[in-house]
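Read through the structure below, which is laid out as structure tokens, and then see the notes.
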Amino acid sequence: MTRPAILGLFLLTACAATAQSVNSDALIIQDFKNRVAEYVKLRSSIEGSLPQLKKGESAQQIDDQSKAMAAKIRAARRRAKQGDLFTEPIRKELRRLIVIASKGLDRPRIAASLKHAEPVAPRLLINGVYPQGVPLQSTPPTLLANLPELPKEVEYRIAGPLLVLVDAKTGLVLDYMKHAIP
């Protein structure tokens, strides 16, 4: 085999290995998005089964509606546990993305943002409500930009070293990752 042929074969093999890695990373992110979409589908069906709030409802009525929705979601997800949404492959991939964001040009900004944020370390339970009264730690936008986009019904929160998925309306903790934030 000639030298150019060997070099070409080497480059083809390297490109194939890179493509396989990218494809497997994309499949992991798609799995995460599918899991979140399944939750949103469940949540939407539950929300649709509740009486519609009318314009001008009191804060108490809105709170009662949110609590009723949370109770129905809890019942539907009674077997939910840590790792249902953040599976091991998803955790590894999200940690990789967080490390990339934390080591890039935005590293000083992310580090400063996390350092200036009021640190929180609430005790979290799957299907429990994110503790009210606990300050929300600001999440650096550059870090969020590196994570998979979420539907409006679900949001990321940082709680100390944890990355948390929370239902935006009810405050239910859907899942969390330990040791996510370096």
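The values are calculated or read from the model by the stated rules, or taken from the named source; none is laboratory data. Just so you know, these numbers come straight off a predicted model, no measurement behind them. Note: ideal-geometry Cβ built from the backbone for every residue, glycine included; neighbour counts use all protein chains shown.
Arg43: surrounded by 13 or more Cβ atoms within 10 Å (Cβ to Cβ), at pLDDT 95 or above and in contact with a Leu (Cβ under 6 Å, 6 or more places away or on another chain), yes or no? Judged against the criteria, Arg43 is not a match.
Among residues of the stretch 59-76 being surrounded by 18 or more Cβ atoms within 10 Å (Cβ to Cβ) and either touching a strand residue (DSSP E or B) at 6+ places or on another chain (Cβ under 9 Å) or of a type in the set (Phe, Trp, Tyr) (or both), the one that is nearest to Ser49 (Cα to Cα) is Met69. Considering Ala76, Ala26, the condition of being aliphatic (A, V, I, L, M), modelled with pLDDT of 85 or more, farther than 18 Å from Val173 by Cβ and within 21 Å of the chain's Cα centre (by Cα) is satisfied by Ala26 alone. Looking at the stretch 82-182, the helices (runs of 4 or more DSSP H) lying wholly inside it that each contain 2 or more residues that are at pLDDT 85 or above sit at 88-103. A single member of Ala59, Ala71 is out of contact with any Gly (no Cβ under 9 Å at 6 or more places or on another chain), at pLDDT below 95 and hydrophobic (A, V, I, L, M, F, W, C), and it is Ala59. Within the stretch 40-67, track down each residue that is under 29 Å from Pro148 (Cα atoms) and touching a Pro at 6+ places or on another chain (Cβ under 9 Å). Of everything in the stretch 40-67, just one residue is under 29 Å from Pro148 (Cα atoms) and touching a Pro at 6+ places or on another chain (Cβ under 9 Å), namely Val40. Being of a type outside the set (Gly, Ala, Ser), more than 30 Å from Ile90 (Cβ to Cβ) and modelled with pLDDT of 85 or more: is that true of Gln52 here? So Gln52 fits the description; yes.
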